[in-house]
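Taking it in order: structure first as structure tokens, then the write-up.
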Amino acid sequence: MGNRDFLKGIGFVALGATSYGMLATFVKLAYGEGYTTAEVTVSQFVIGLLGLGLINLFMRTRKTETVAATKRQTLSLLLAGTSMGFTSLFYYIAVKYIPVSVAIVLLMQTVWMGVVLEAILTRRLPSLGRVTAVAVVLAGTVLAANLLDTAVFPDWRGIVWGMLAAASFTTTMFTANKVALGVSAAQRSLWMLAGGAVIVFSAAVFTQTGPFQMGIFLTYGLAIAVFGTIIPPLLLNAGFPKAGIGPGSIVASLELPVSVTMAWVLLHETVRPSQWFGIVLILAAIVLLNLPYLRKKE
């Protein structure tokens, strides 16, 4: 693989991660306009399904789709996609109670949760480097989430929902790298999104109390779907094979500073120097975790 392909892969991953980093700010703005979590998630998944459906249809008309998912693969992707629905649901609920800059830090706990899950599945203790990285992530989280300042301690409900979102996102990442890998990225994204839609639509039925505000589809729902459901999966699935797991994972961590910066600029959230330092620690831990992959790349 040439250097040009590698740089192209890095670019795809960077754009995908940056796109993901915008989500929570859009959700917070939607809440400010009076929209509910059900309206935000339903509009996101409906528009996302339509968008990915059109992309898959276009690929078939161009005859670029070479491998169609079998019934078993489709079912596996649908089941794997349910964690996507839970992640969106939990994360957006967390944003209701805590600042975006804190919510994204909690979501990034997937760094150490992934290490723990891998140790459980492989029945192997993590290396010293991974344990060190986990410790750095936890230390960075305490600072980035401003947990030491008891005067402005985040709402415990937001922390619980944020950690649930991180656990669900960890499941999504593991299943996405294991299920139906021979199927195209667009087709895999579509079926996984359909599985997530089942969760989101079911939750909306039980939580939406008033009339559904259809205006969400033309405003924040459209933005959240484009930047959270359509663009990132396609870019990340296209970029990771070219960039490699290690470099790609490091670049994907751009989601964290982008999300915090968006909240700082558009929502005028207060982000203290200690919080920025905590974010730097988390990013450093991600680099530390991926050093073995970088060495292989070299």
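The values are calculated or read from the model by the stated rules, or taken from the named source; none is laboratory data. Treat the numbers as computed from the prediction; the structure is a model and nothing was measured. All Cβ positions, glycine included, derive from the backbone under ideal geometry; neighbour counts span all protein chains shown. To get the accessible areas, we keep the full protein, side chains included, count just its heavy atoms, and leave off ligands, DNA and RNA. Shrake-Rupley method; radii C 1.70, N 1.55, O 1.52, S 1.80 Å.
Some notes on this structure:
- Filter result for residue 162 (closer than 29 Å to residue 289 by Cα, modelled with pLDDT of 90 or more and not charged (D, E, K, R)): yes
- Criterion: in contact with a Phe, Trp or Tyr (Cβ under 9 Å, 6 or more places away or on another chain) and either of a type in the set (D, E, K, R) or touching a residue at least 40 places away in the same chain (Cβ under 8 Å) (or both) - qualifying residue of 185, 197: 197
- Residue in the stretch 283-294 that is assigned to a helix (DSSP H, G or I), out of contact with any helix residue (DSSP H, G or I) (no Cβ under 8 Å at 6 or more places or on another chain), at pLDDT 75 or above and open to solvent by 50 Å² or more (accessible area, probe 1.4 Å) present: no
- Qualifying residue in the stretch 100-111 (condition: at pLDDT 85 or above and open to solvent by 50 Å² or more (accessible area, probe 1.4 Å)): no
- Unique match (being in contact with a helix residue (DSSP H, G or I) (Cβ under 6 Å, 6 or more places away or on another chain), among the hydroxyl-bearing types (Ser, Thr, Tyr) and surrounded by fewer than 19 Cβ atoms within 10 Å (Cβ to Cβ)) among 229, 170, 207, 219: 207
- Residue check for residue 167: in a helix (DSSP H, G or I) and among the small types (Gly, Ala, Ser): yes
- Among the residues of the stretch 148-161, those that are more than 16 Å from residue 269 (Cβ to Cβ) and not hydroxyl-bearing (Ser, Thr, Tyr) comprise 148, 151, 156, 157, 159, 160, 161.
- Enumeration of residues in the stretch 173-186 that are over 15 Å from residue 230 (Cβ atoms) and either among the aliphatic types (A, V, I, L, M) or open to solvent by less than 20 Å² (accessible area, probe 1.4 Å) (or both): 173, 176, 179, 180, 181, 183
- Looking only at the stretch 119-135, and only at residues there that are modelled with pLDDT under 85 and small (Gly, Ala, Ser), the one that is least open to solvent (accessible area, probe 1.4 Å): 133
- Given (1) free of Cβ contacts under 8 Å to residues at least 60 places away in the same chain; (2) of a type in the set (A, V, I, L, M, F, W, C); (3) not in a helix (DSSP H, G or I), index of the condition residue 68 fails: (1)
- Test: residue in the stretch 136-152 that is open to solvent by 50 Å² or more (accessible area, probe 1.4 Å), assigned to a helix (DSSP H, G or I) and either among the charged types (D, E, K, R) or at pLDDT 90 or above (or both): no
- Filter result for residue 189 (modelled with pLDDT of 80 or more, open to solvent by 40 Å² or more (accessible area, probe 1.4 Å) and in a helix (DSSP H, G or I)): no
- When 203, 194, 165, 223 are checked against the criterion of being small (Gly, Ala, Ser) and under 14 Å from residue 80 (Cβ atoms), 194 stands alone in meeting it.
- Output for the stretch 52-89, where each listed residue is crowded, with 20+ Cβ neighbours inside 10 Å and under 27 Å from residue 212 (Cα atoms): 52, 81, 82, 83, 84, 85, 86, 87, 88, 89
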